[in-house]
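*Asks:* Questions regarding the structure given below will be posed in turn.
The values are calculated or read from the model by the stated rules, or taken from the named source; none is laboratory data. None of the values given here were measured: they were computed from a predicted structure. Cβ placement follows ideal geometry from the backbone for every residue including glycine, while neighbour counts extend to all protein chains displayed. The area values use the complete protein model at the heavy-atom level, side chains included, leaving out ligands, DNA and RNA. Shrake-Rupley method; radii C 1.70, N 1.55, O 1.52, S 1.80 Å.
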Number of protein chains: 2
Amino acid sequence: VSAARRLARRSFRSSDRAFLAEGPQAVREAVDTPGTLLELFVTADAQARYPDIVAAAHRHGVPVHQASGEVLGSVSQTVTPQGMVGVCRFLDVPLDTALAAAPRLMVLLANVRDPGNAGTVVRTADAAGVDAVVLTDACVDVYNPKCVRASAGSLFHVPVVVGAAVEPAVAAVRAAGLRVLAADGAGPADLGDRLTAGALTGPVCWVFGNEAWGLPEQIRKLADEVIRVPIHGRAESLNLASAAAVCLYATTWAQRGPDGCRHEPDQRGGQG
Amino acid sequence: VSAARRLARRSFRSSDRAFLAEGPQAVREAVDTPGTLLELFVTADAQARYPDIVAAAHRHGVPVHQASGEVLGSVSQTVTPQGMVGVCRFLDVPLDTALAAAPRLMVLLANVRDPGNAGTVVRTADAAGVDAVVLTDACVDVYNPKCVRASAGSLFHVPVVVGAAVEPAVAAVRAAGLRVLAADGAGPADLGDRLTAGALTGPVCWVFGNEAWGLPEQIRKLADEVIRVPIHGRAESLNLASAAAVCLYATTWAQRGPDGCRHEPDQRGGQG
């Protein structure tokens, strides 16, 4: 229990390369992801309510510990872990591995500090069919319990890359044939215009910054293009996760035909 | 102070028809909205830091009360009201008034209970140029401090209608010439296909439900069409605010030309 409890802290997560999945939804995703669930803590109540999850854990040889609600509450960061907390192996992959899969749509979070925002972007990226999400070294820990929770299971679906420095990451993404588009409220290009102009049909990596600060000049300069989600009313800006949703879905419409299938990647430079 | 403090409760807000704007951003919007700011509580620190806001309050004849940080903290629901809390008159308008302005893009929230979600949708609606947001009687109070905060000032920009019953509201919206589109993850039509097919160019009112439950059958039946934001990956669903962002921006692209100007409303039935 104390080994699980210390995973509330980023430093211990990093040294153990393990994090907590809280609640039956997250634990179910964990047990369905081969080699991910290392240990399961469960109350008698939850064991009775989710027999399928507990049976799957046993089937995969995962140690299952019964614990009181009080003990579980002391491990969990969530208000209501619903009687179930799993210890999970880190899921992130090296950037090279993500790029070797010939991604056509990627997200790079340059400087996202709010775990709820980061998790929501991972969830939206999963929904939009994004191939990989990169969190640079200036971002919140993707294994932060609030981030895991906001991702609503998508952290177990989308390949994530963590700890990359932004400049070499952008260079590697571009070398893999993706166009690097920075999203910034003050960007010179309008997303709607770029969509209409057919500028989003090829492989794309979107770069998102910190909501409050936008993207620093140094990162905007790294991009092939800086694009804004246009503000038609009087709002000062969009919430980061909302802006990301709009950018990512606009790109899926550009990249996929009306039948929902992706176009052939014939625009990938030199990798056709 | 006690009159302001009681506005933390919905019942007192309703009887006083007043709510709290917390922090300089919200107070600035309030003082810029004629007749809205009724009273201002401010610390000596904040008075020195935001002299323009305090001067504007004086200019409009708004009573300004100096208060200690402790007293202000007891009024505010926010962790950091940054030394400034305003008492504001309710902003909502009758549905008839909103419809008389010939809206081309509206949002109807059928059953949104989370104040952060509701506020974020108001912010996104403002950004997308939505003409009015209706919150039915089953929704969270739009004047809830968390909702006001999540709207990031947009509550002061977008006309809001509150307390409407869903069936007559939908009927009135349709009678005003808007097509009623319900957003639901299980909807038969794909948003991308409807965009491509030109189905979003006329006046539209989007109906969003509760994130967890989606839209009940009774509300889906009221709509002209039930449309899903397609899930291309393995996510179970999108966050409500993210789904709303995608639906609203898709509609702005359909309704506006590449120059960002709205098309002439020549498709409004009988009102052109």
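*Asks:* Among the candidates A:Arg10, A:Arg17, which residue alone is farther than 20 Å from B:Arg234 by Cα, at pLDDT 95 or above and within 19 Å of the chain's Cα centre (by Cα)?
*Replies:* It is A:Arg17.
*Asks:* May I pose another question? Taking region B:185-227 only, how many residues are small (Gly, Ala, Ser), within 13 Å of chain A (Cβ to nearest Cβ) and open to solvent by 10 Å² or more (accessible area, probe 1.4 Å)?
*Replies:* Qualifying residue count, region B:185-227: 6.
*Asks:* In addition: Residues that are in contact with a Gly (Cβ under 7 Å, 6 or more places away or on another chain) and β-branched (Val, Ile, Thr): does region B:214-224 have at least one?
*Replies:* Yes - at least one qualifying residue is present in region B:214-224.
*Asks:* Right, something else. Kindly provide the set of residues from region A:1-12 that are open to solvent by 10 Å² or more (accessible area, probe 1.4 Å) and either closer than 19 Å to A:Pro63 by Cα or touching a helix residue (DSSP H, G or I) at 6+ places or on another chain (Cβ under 6 Å) (or both), ordered by number.
*Replies:* Answer for region A:1-12, where residues must be open to solvent by 10 Å² or more (accessible area, probe 1.4 Å) and either closer than 19 Å to A:Pro63 by Cα or touching a helix residue (DSSP H, G or I) at 6+ places or on another chain (Cβ under 6 Å) (or both): A:Val1, A:Ser2, A:Ala3, A:Arg5, A:Arg6, A:Phe12.
*Asks:* Every residue in region A:159-183 that is out of contact with any Pro (no Cβ under 8 Å at 6 or more places or on another chain) and either of a type outside the set (A, V, I, L, M, F, W, C) or more than 24 Å from B:Gly233 (Cβ to Cβ) (or both), please.
*Replies:* Within region A:159-183, A:Pro159, A:Gly163, A:Ala165, A:Val166, A:Glu167, A:Pro168, A:Ala171, A:Arg174, A:Ala175 qualify.
*Asks:* Oh, and also: Which one of B:Asp114, B:Asp126 is among the acidic types (Asp, Glu), surrounded by 24 or more Cβ atoms within 10 Å (Cβ to Cβ) and within 14 Å of chain A (Cβ to nearest Cβ)?
*Replies:* B:Asp126
*Asks:* When you scan region A:212-220, do you find a residue that is touching a helix residue (DSSP H, G or I) at 6+ places or on another chain (Cβ under 8 Å) and modelled with pLDDT under 95, even just one?
*Replies:* Scanning region A:212-220 turns up at least one residue that is touching a helix residue (DSSP H, G or I) at 6+ places or on another chain (Cβ under 8 Å) and modelled with pLDDT under 95.
*Asks:* Moving on. Determine whether A:Asp16 is open to solvent by 10 Å² or more (accessible area, probe 1.4 Å) and touching a Leu at 6+ places or on another chain (Cβ under 7 Å).
*Replies:* yes
*Asks:* Just to check your reading of the model, which residue among A:Val166, A:Val158 is within 9 Å of another protein chain (Cβ to nearest Cβ) and at pLDDT 95 or above?
*Replies:* A:Val158
*Asks:* For region B:149-162, name all the residues that are under 19 Å from B:Met84 (Cβ atoms) and open to solvent by 10 Å² or more (accessible area, probe 1.4 Å).
*Replies:* B:Arg149, B:Ala150, B:Ala152, B:Phe156
*Asks:* State all residues of region A:163-184 that are farther than 17 Å from A:Gln218 by Cβ and open to solvent by 70 Å² or more (accessible area, probe 1.4 Å); if no residue qualifies, say none.
*Replies:* A:Ala175, A:Arg179
*Asks:* Identify all residues within region B:80-103 that are on the phi > 0 side of the Ramachandran plot and more than 19 Å from the chain's Cα centre (by Cα); write none if there are none.
*Replies:* If the condition is that a residue be on the phi > 0 side of the Ramachandran plot and more than 19 Å from the chain's Cα centre (by Cα), then B:Gln82, B:Gly83 are the ones that fit.
*Asks:* Give me the pairs, please: first residue somewhere in region B:228-248 and closer than 8 Å to A:Ala245 by Cβ and more than 7 Å from chain A (Cβ to nearest Cβ), second residue anywhere and open to solvent by 10 Å² or more (accessible area, probe 1.4 Å) and at pLDDT 95 or above, beta-carbon distance under 7 Å, and either six or more positions apart or on two chains.
*Replies:* Every condition considered, the pairs that remain are B:Ala243/B:Ala183; B:Ala243/B:Val229.
*Asks:* Right, another one. Among the residues of region A:199-211, what is the count of those that are modelled with pLDDT under 90 and touching a helix residue (DSSP H, G or I) at 6+ places or on another chain (Cβ under 7 Å)?
*Replies:* 1
*Asks:* Just to be sure before I move on: is B:Gln77 within 23 Å of the chain's Cα centre (by Cα) and of a type outside the set (Phe, Trp, Tyr) in the structure I sent?
*Replies:* yes
*Asks:* Can you tell me how many residues within region B:129-147 are buried (at least 24 other Cβ atoms within 10 Å of the Cβ) and within 14 Å of chain A (Cβ to nearest Cβ)?
*Replies:* So the count comes out to 3.
*Asks:* Select, from A:Val71, A:Val42, A:Val93, the only residue that is β-branched (Val, Ile, Thr) and either free of Cβ contacts under 8 Å to residues at least 12 places away in the same chain or closer than 22 Å to A:His157 by Cβ (or both).
*Replies:* Step by step, each of A:Val71, A:Val42, A:Val93 is checked, and only A:Val93 is β-branched (Val, Ile, Thr) and either free of Cβ contacts under 8 Å to residues at least 12 places away in the same chain or closer than 22 Å to A:His157 by Cβ (or both).
*Asks:* Of the residues in region B:12-56, how many are outside any loop (DSSP other than H, G, I, E, B), within 14 Å of B:Val148 (Cβ to Cβ) and β-branched (Val, Ile, Thr)?
*Replies:* Count: 1.
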